[in-house]
Amino acid sequence: MQAFSGAGQEAVVVTLVVARVLIGLLGAPLGSLRNEAKGLAIVTAASMFVEFASKGGTKLRRWQLRRTQAPGILLGSVTLPIVMASRLLQILRMPQHSQAALERARVELWGSLACGCAMLLLLGGLVLWQSDDKDQKQLNNNRDQTDLSVDCKQRGRWGPECCSSVIGIAGPAVILVSELGFTTGTWRIIWCLTHALGCAALFQHLLQAFPGCLSAGEAILVSQGLTLYAGNALIFTLSRITILNGLPEFLMERTGDEIHAIGQALVLGLLLVPVSYKTLLRGLSLKVSNGAVKKGPCMEDVTKVFLFFATVLLVVFLVAPYWLQLVQRLPHHPVLWVLNFVLEEPEARLGLCVYWMLAICLPILALYRMVVKKQVARIMVRKGFHLMVVIMFVPALFFQPDFLRLALSLAFAAFLVIEMIRVWQIPPFGEAVHRFLKAFTDSRDSDLLIVSHFSLLLGCAVPVWLSTSPFMDRPLAPYAGILSLGIGDTMASVIGYNFGSVRLSSSSNKTVEGTIAGIVSMIVACLLLVPVTSTALSAAQFCSLVGACIGAGLVEAYTSQLDNAFVPLIFYALLSL
């Protein structure tokens, strides 16, 4: 009952957020986005059905999901579509927008909806087919089994799970054809089906690679995000290959500048490191260590250490630069380009680097000491990192937004390498990194995957990355992650933990006092930024701003998912309307 209650509360809040976005889509000039509104409404209704049909996620246990009060299927399925919808509305508001840019934003929205449909039909087929008795039997007999194809082979037939996978690929095509029509061109249909196929495959791979680390909603969000990110890189590549003729105009539209390309190449390249590294180890008949820290170094073999660092260096200095030369045609090696970019304004950018080092090192040493000596509750220590992002990123976003975009991409790449070193216990840093990061974890982290630092960084970075479009007309939107996590979430936790007495529900530790404090603090912070980022707000803009803060605050209060990942995206979408 508590799980159903948690799912119901979260669903109501998310539905209100989607309703606000639907109002924006339906209010577009000449009803030009009605089809997109219908698609978003269909995905919302379907995800709500699957959410409640899963009985709090009990029918999804065969995938070894992280247990939460609500599976988060609704929130995970609609988060990226509403972000894409808000970006589409931004372009449409511009009086002289490019038709190719508008078309590409439209296709990206339909791509996210196609990914959502694939996930919902995959999960829905499993939920509707399995009875409670079969659920328990499957959980006991196949506790470690997460691959649908293997499970079907064991049954000796083409099971409904596999059928739902196929339907999950074909389903978005039905929606796209009915809403867009065949006359819009086969490229859009192919593009969205490709996204659906990739998202479904990536979803199953994530749950197989990281059992018990992600909830259903979080796995859907990550799968959709990576699929769209890779799809954007593919668009980027196709738009630069001049030997291809007959491509639609939206594929040829410029998708980003040099900073965007460098970050994309570095991140996607490093995401290929685990595949390359494990392939090399298998080829040499070596094993890689995963999981918890063991006594003493667990990868003392010099060959393994050499292969890991050689793979990383190969990606950073050869693979990524080659792709960049193909799509961006940089005049220099990317490393030299970054150095030249920093030295274009040496005082401001090098000074900002020094400021960041001080803002990182001094507080982290103090916070780590508090954790080790247990002087302060861990939740309060974790909120210290949230305050750090405000101190670090607000001045940088105001004075050096392009440099901040580049720095966030490099920081995320560094986090990827650090997490690989921790997970695989790469000497001589693996065990020390694990002990340090473990000191700041909570119940959502595990030895297999620590997500806290990733989610905090990405929660602040993604709104900044999304706000580089020339069509951005909402100056507060880039601050969405910084304000929601650094101000709203921090104030909600501090006030709720120390002064809260009225719980939001019997199944939640969050309080009414903390929620109100978080919402009010976000409103105040936004109003303080308005004079330095834009002109005075009209009455309608002020109401929209307050509504965005309330929506983000309620999502943070009622969701049982990883709020660092979802709340900034929700806040960004609402601020962009």
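Return the pairs, sorted by first residue and then second, in which the second residue is outside any helix (DSSP H, G or I), the first residue lies in region 473-497 and is without any contact (Cβ under 8 Å) to a residue 60 or more places away in the chain, the beta carbons are less than 7 Å apart, and the residues are 6+ apart or on different chains. Short answer, once both residue conditions are applied: Pro475/Ser534; Gly496/Lys510; Gly496/Thr511.
Is it the case that region 67-82 has a residue that's in a helix (DSSP H, G or I), open to solvent by 50 Å² or more (accessible area, probe 1.4 Å) and in contact (Cβ under 8 Å) with a residue 40 or more places away in the chain? No. What are the residues in region 412-447 that are open to solvent by 40 Å² or more (accessible area, probe 1.4 Å) and closer than 18 Å to Phe210 by Cα, if any? Selection gives Phe415, Ile418, Lys438, Asp442, Ser443, Arg444, Asp447. Taking the numbered list (1) crowded, with 17+ Cβ neighbours inside 10 Å; (2) not in a helix (DSSP H, G or I) in turn, Gln375 passes all entries but (1).
Looking across Leu358, Leu367, Leu350, Leu343, one residue alone is touching a helix residue (DSSP H, G or I) at 6+ places or on another chain (Cβ under 6 Å) and either closer than 24 Å to Phe399 by Cβ or in contact (Cβ under 8 Å) with a residue 24 or more places away in the chain (or both). It is Leu367. Filtered by the rule that a residue be among the hydrophobic types (A, V, I, L, M, F, W, C), more than 12 Å from Ala565 (Cβ to Cβ) and open to solvent by less than 20 Å² (accessible area, probe 1.4 Å), region 453-493 gives Val464, Leu476, Ala477, Ala480, Ile482, Leu483, Ala492.
Please determine whether any residue of region 529-541 is under 20 Å from Ala477 (Cβ atoms) and buried (at least 20 other Cβ atoms within 10 Å of the Cβ). No: zero hits. Do we find a residue being in contact with a helix residue (DSSP H, G or I) (Cβ under 7 Å, 6 or more places away or on another chain), of a type outside the set (S, T, N, Q), at pLDDT 50 or above and assigned to a helix (DSSP H, G or I) anywhere in region 128-142? Yes, region 128-142 contains a residue that is in contact with a helix residue (DSSP H, G or I) (Cβ under 7 Å, 6 or more places away or on another chain), of a type outside the set (S, T, N, Q), at pLDDT 50 or above and assigned to a helix (DSSP H, G or I).
One residue stands out among those in region 9-37 that are modelled with pLDDT under 90 and surrounded by fewer than 16 Cβ atoms within 10 Å (Cβ to Cβ): the one that is nearest to Val127 (Cα to Cα), which is Arg34. Among the residues making up region 494-519, those that are surrounded by 15 or more Cβ atoms within 10 Å (Cβ to Cβ) and in a helix (DSSP H, G or I) are Val494, Ile495, Gly496, Tyr497, Glu513, Gly514, Thr515, Ile516, Ala517, Gly518, Ile519.
Taking the residues in region 428-449 that are hydrophobic (A, V, I, L, M, F, W, C) and within 21 Å of Ala366 (Cα to Cα) as candidates, determine which candidate is farthest from the chain's Cα centre (by Cα). Applying the filter and picking the extreme gives Ala432. Whether a residue is outside any loop (DSSP other than H, G, I, E, B), touching a residue at least 40 places away in the same chain (Cβ under 8 Å) and either buried (at least 24 other Cβ atoms within 10 Å of the Cβ) or not charged (D, E, K, R) (or both) was assessed, and Ala45 does not pass this test. Within region 257-277, no residue satisfies the criterion of being closer than 12 Å to Leu307 by Cα and either outside any helix (DSSP H, G or I) or modelled with pLDDT under 85 (or both). Of all residues in region 516-536, those that are on the phi < 0 side of the Ramachandran plot and modelled with pLDDT under 90 have Cβ atoms under 7 Å from Cβ atoms of residues that are open to solvent by less than 30 Å² (accessible area, probe 1.4 Å) and not in a helix (DSSP H, G or I), 6 or more apart or on another chain, in Thr533/Leu476.
Once region 332-350 is narrowed to residues that are within 30 Å of the chain's Cα centre (by Cα) and not hydrophobic (A, V, I, L, M, F, W, C), the residue that is farthest from Pro321 (Cα to Cα) is Arg349.
Is there any pair with a first residue in region 260-285 that is of a type outside the set (Val, Ile, Thr) and a second that is open to solvent by 70 Å² or more (accessible area, probe 1.4 Å) and modelled with pLDDT of 85 or more whose Cβ atoms are under 6 Å apart and which are 6 or more apart or on different chains, and what are they? The qualifying pairs are Gly269/Val319.
If you scan region 48-66, which residues turn out to be open to solvent by 60 Å² or more (accessible area, probe 1.4 Å) and among the basic types (Lys, Arg)? Lys55, Arg61 - these are the residues of region 48-66 that are open to solvent by 60 Å² or more (accessible area, probe 1.4 Å) and among the basic types (Lys, Arg). In the condition set (1) part of a helix (DSSP H, G or I); (2) farther than 25 Å from Val464 by Cα, Pro428 is compliant with all but (1).
Considering each residue of region 300-357, count those that are assigned to a loop (DSSP other than H, G, I, E, B) and surrounded by 13 or more Cβ atoms within 10 Å (Cβ to Cβ), and give that number. Looking only at that region, the number is 5.
The values are calculated or read from the model by the stated rules, or taken from the named source; none is laboratory data. The model shown is predicted, which means the values in this text are computed figures rather than measured ones. Note: ideal-geometry Cβ built from the backbone for every residue, glycine included; neighbour counts use all protein chains shown. Ligands, DNA and RNA are excluded from the accessible area calculation, which covers all protein heavy atoms including side chains. Shrake-Rupley method; radii C 1.70, N 1.55, O 1.52, S 1.80 Å.
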